[in-house]
Amino acid sequence: MDTHLSPSGRLVVVSNRLPVVLAKDVDGTWVTRTGSGGLVTALLPVLRHRGGIWIGWSGVNEVAGVDEALERATDDTGYTLKGVALNTEEVNKFYLGFSNEIIWPLFHDLQSLCNFDPAYWRTYCEVNRRYAKILADNSCKDDFIWVHDYHLMNVAAELRLTQSRAHIAFFLHIPFPPLDIFVKLPWRFNLLRALLEYDLIGFQTLRDQRNFEQCVRTLMDEVCVSGQGQVLSLRVGDRVLRMGSFPIGIDSNAFEKHAIDPEVGAMAELLNSQLSNRQLILGVDRLDYTKGLPLRLEALRNALQRYPELHQRITLIQVVIPSREDIPQYFDLKMRIERLVGEINGQFTRPGGWVPIHYVFRNLTRVELLAYYRAAHIALVTPLKDGMNLVAKEYCACSVEEDSVLILSEFAGAAAQLQNDALLVNPYDIEGVADAIYHAYNMDVTERYARMRRLRTTIREQDIFWWVDAYLRAAFATDLSAFPLPEDFVPHDDFAGIPY
Ligand code: GDG
């Protein structure tokens, strides 16, 4: 998988958070457990095999004992973890502030939610400098450095100031916005220049890559873009870098395998028996205004109003995972969702036990999550915009009976790969989403099988290991013609389909 790394090069991963979660034991000593998520699953084996280091924030404000705990966590693993210390003010201004009150809404096309506080930018620069300093102290020129996500866009530029020539690559997990939205950012030139200091910039979809390309072409005279495939070259003065699109996948095998665990099966059966004789519709989302939850609930209300035959025949289980509640908009969103759930349940609940929406607000165990995935007949994934959306892929991987339906927003990055077999919807079109719910409910089993089988094949073929491999190949390939555009690619300015 990692044969493309230079022979002596280690892998150095840099992300906002380390791949471990720290907590205090009863006697006050730090204990660690491996974090969950696809990135950790995909990169830890590469790190183990090549040797390397993962740099990130430990997630705790204290520093005493943390380094020792991180050392203990990686005894005999062949790689090390290096914590970046952040104080409360830095967490507020760098993480909650610049990253999550400016870049997150802006890059999801929600510019009116941005709080362009200049103090946030200053702290973002300082914290990125600190990550770069730790990186400089812990890497050498043969290493392959892979920086992740929107919290760390300045790291390469800061690293270059230390005269480092190391190969440094970046992957953006969230969308990149169109030019007319990106230009609202007061620090637009600084940020573009900083990104151009990477050797490879990876995006989730061709649409994000093309948005970035348009920003660069329009705002940076000195940049020349060349190539025609999925990976392009950019010349900036005497430097050449690359950019490409690499849709992130999941560890599909692991999901399929765990979905058939007897414990998961028993819980899925219990859910279905408690809500028998009806189709379960599932939503699983972090509490976030990008996930389109209020509009989704309105669409369900609309479906129940316009299609009375759905009464007592469908139940929406909406799981909301607590997230970023320290940011006022997230708290307000929670209130809005809960009011809507109450209203809709108040409007439609009837004697005999049918409650149209079951609302769950908490973290799920993995067994619970997989049981929901397995039990649900329909998944409703309707973000207003999403870099990829892993829930859509995880749901399909766990649909081992292959008789379920995915309703997917056309604005999720995942739509680029799954558009032919999911029911695609515009999440702003309440009646359109309601119609898709009705269509999914009525879809016959032959069509369900055919669609779900093809979805699962795509997700299995383009899994997380495929993603790591494609990214590393793009970083080191000598010939970029090895990355042609997909055969069914629709040109950006031709709205004949989804312009990915
Ligand atoms: C960002 C981008 C992009 C589910 N229940 C719990 C829980 N989950 C997991 C899911 C899934 C993940 O959370 C959510 O991933 P998404 O991709 O749906 O969304 P974001 O968190 O916004 O992720 C996104 C992704 O990065 C990867 O590049 O796809 O577009 O926004 O894996 O299984 N996680 C926890 N508790 C739960 O109860 N901690």
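Summary of computed values
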item: Subset tally (residues that are open to solvent by 10 Å² or more (accessible area, probe 1.4 Å) and either within 12 Å of the ligand (Cβ to nearest atom) or within 19 Å of residue 251 (Cβ to Cβ) (or both)) for region 370-385; result: 4
item: Meets criteria (farther than 24 Å from residue 176 by Cα and touching a Ser or Thr at 6+ places or on another chain (Cβ under 6 Å)) for residue 371; result: no
item: Helices (runs of 4 or more DSSP H) wholly inside region 190-297 that include at least 1 residues being closer than 30 Å to residue 317 by Cα and modelled with pLDDT of 95 or more; result: 252-259, 262-274
item: Test result for residue 219, surrounded by 21 or more Cβ atoms within 10 Å (Cβ to Cβ) and assigned by TED's automatic domain parsing to the domain that holds residue 113; result: no
item: Residue 354, sole failed condition from (1) out of contact with any strand residue (DSSP E or B) (no Cβ under 7 Å at 6 or more places or on another chain); (2) open to solvent by less than 60 Å² (accessible area, probe 1.4 Å); (3) of a type outside the set (S, T, N, Q); (4) within 16 Å of the ligand (Cβ to nearest atom); result: (4)
item: Total residues in region 59-72, condition touching a residue at least 12 places away in the same chain (Cβ under 8 Å) and in contact with a Phe, Trp or Tyr (Cβ under 9 Å, 6 or more places away or on another chain); result: 7
item: Verdict on residue 328 being under 23 Å from the mean Cα position of the chain (by Cα) and away from the ligand (no atom under 16 Å from the Cβ); result: yes
item: Residue that is assigned to a loop (DSSP other than H, G, I, E, B) and buried (at least 20 other Cβ atoms within 10 Å of the Cβ), where the choices are 116, 176; result: 176
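This table checks each residue for (1) closer than 25 Å to residue 127 by Cβ; (2) within 16 Å of the ligand (Cβ to nearest atom).
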position	(1), (2)
29	no, no
33	no, yes
40	yes, yes
47	yes, no
51	no, no
57	yes, no
61	yes, no
64	yes, no
73	yes, no
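The values are calculated or read from the model by the stated rules, or taken from the named source; none is laboratory data. Please read these numbers as outputs of a predicted model, since none were measured by experiment. In this analysis, Cβ positions are derived from the backbone assuming ideal geometry, glycine residues included, and neighbour counts consider all displayed protein chains. Quick note on the areas: whole protein, heavy atoms, side chains included, nothing else; ligands and nucleic acids left out. Shrake-Rupley method; radii C 1.70, N 1.55, O 1.52, S 1.80 Å.
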